[in-house]
1. From the Cα gyration tensor of the chain, with a ≥ b ≥ c the square roots of its eigenvalues, which class applies: rounded if a/c is under 1.5, or else prolate if a/b is larger than b/c, or else oblate?
2. Packing-wise, with mean Cβ within 10 Å as the measure, how do 150-156, 4-10 rank, highest first?
3. Given a 10 angstrom Cα cut-off, can you work out which residue in SER128, SER100, SER202 is the most mobile in a GNM of the chain?
4. Compute, for the chain, the length of the dipole vector about the Cα centre, with Cβ point charges of +1 (Lys, Arg) and -1 (Asp, Glu) only. Units Debye, rounded to 20.
5. Any chance you could give the angle, 0 to 90 degrees and rounded to 10, that helix 85-100 forms with the longest Cα principal axis of the chain?
6. Using every pair of alpha-carbon atoms in region 149-251, split the distances into 5 Å bins beginning at 0 and state the percent of pairs per bin, rounded to integers.
7. Suppose only helical runs count, i.e. DSSP H with n ≥ 4. What mean residue ellipticity at 222 nm does that imply for the chain under -39500 (n - 2.57) per run, divided by all residues and rounded to the nearest 500 deg cm²/dmol?
8. Considering the chain as a Gaussian network with a 10 Å cut-off on Cα pairs, which listed residue, ALA55, ALA26, ALA227, attains the greatest mean-square fluctuation?
Amino acid sequence: MSDIEKIKQLRSSTGAGFKDCSSAIAESKGDIDKAIEILRVKGISKASKKMSREAKEGVIAVSGDEKKISLIEVNCETDFVAKNEDFINFVKELSDINNSCNSDIDNLKEKKMKNSKSVDENLVALISKIGEKITIGRSKTFNHDGTKNFNYLHTVVKDNLSKLAVLVSLETKDNSDNLKNFGKHLSMHIAASNPLALDERSIDKDILEKEVNLISEELKTTGKPEAIVKKISEGKINKFKEENSLLTQAWVMEPKKKVKDILKELSIGDLKIKDFYRLKIGE
């Protein structure tokens, strides 16, 4: 086999560029297996040099069904790469693996992909080929007993990939069309309204403390009596809780009603919102 044929085979096997493959063939003295190892090491070196860059673009992929569903975020540096075919194919396969291992990222990175190489090895090779920092970001899996899962994708890039994704888990034995419509619309509501928690009691205490401090600073300059300031402060924090708790938010499709009102109107006795998760690239 001539060197040109070996370079072609190496490019086909690794996806590396002509120059890198040519150098690897020369360095390995024509041994393709050694050349692959040389490229792998160089790929790791290239990848490590790119890790100091920021990767704020990317996509979110969703995999699964109403019994078990997952999402995973993969970040890159530019929106151009987020639409790259190699990047998209990697994310799609990664998403299915993520669903199978319940969003355990350490376990995920060791899993084998279709080419018999690990996720980590494929990630390094993709970084080397594309030339941008690529990272596996946040992930979530819903696999609760007695629940049905729904999802919504906003700003879809391709198929099950988007810039914003929502998962919703509803606890119920019901399987009616009304439930399915509610699951879909609730997912859309969460995408638009970005609640912090299911109810007021579930809002993170650190977030509430920060909001209280911001309100206090804002009211310091008003010159109002302390009792009045305290009353205004309580009103503002109560409004913050109401607007950021899913159950008390105004229903996006009928703003005069709250989410909890729509829940009651469905008349599905055992229906509860078990969990939800909203993820947006760049947030």
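1. It is prolate, given that a/c is not under 1.5 and a/b is the larger ratio.
2. My ranking of the peptides, most packed first, is 150-156, 4-10.
3. Top of the fluctuation ranking is SER202.
4. Values: 51 positive and 47 negative charges, 58 e Å.
Roughly 280 debye, rounded to the nearest 20.
5. 60
6. Percent of Cα pairs in each bin: 2, 11, 16, 16, 14, 13, 9, 7, 6, 4, 2, 0.
7. -15500 deg cm²/dmol
8. Judging by the Gaussian network model, the answer is ALA227.
Every read-out reported here was derived from the displayed coordinates using simple, explicitly stated rules and does not represent laboratory data. Here the structure is a predicted model, which is why all the values come from computation and not from measurement. Heads up, the Cβs are rebuilt from the backbone with ideal geometry, glycines too, and the neighbour counts pull from every protein chain shown.
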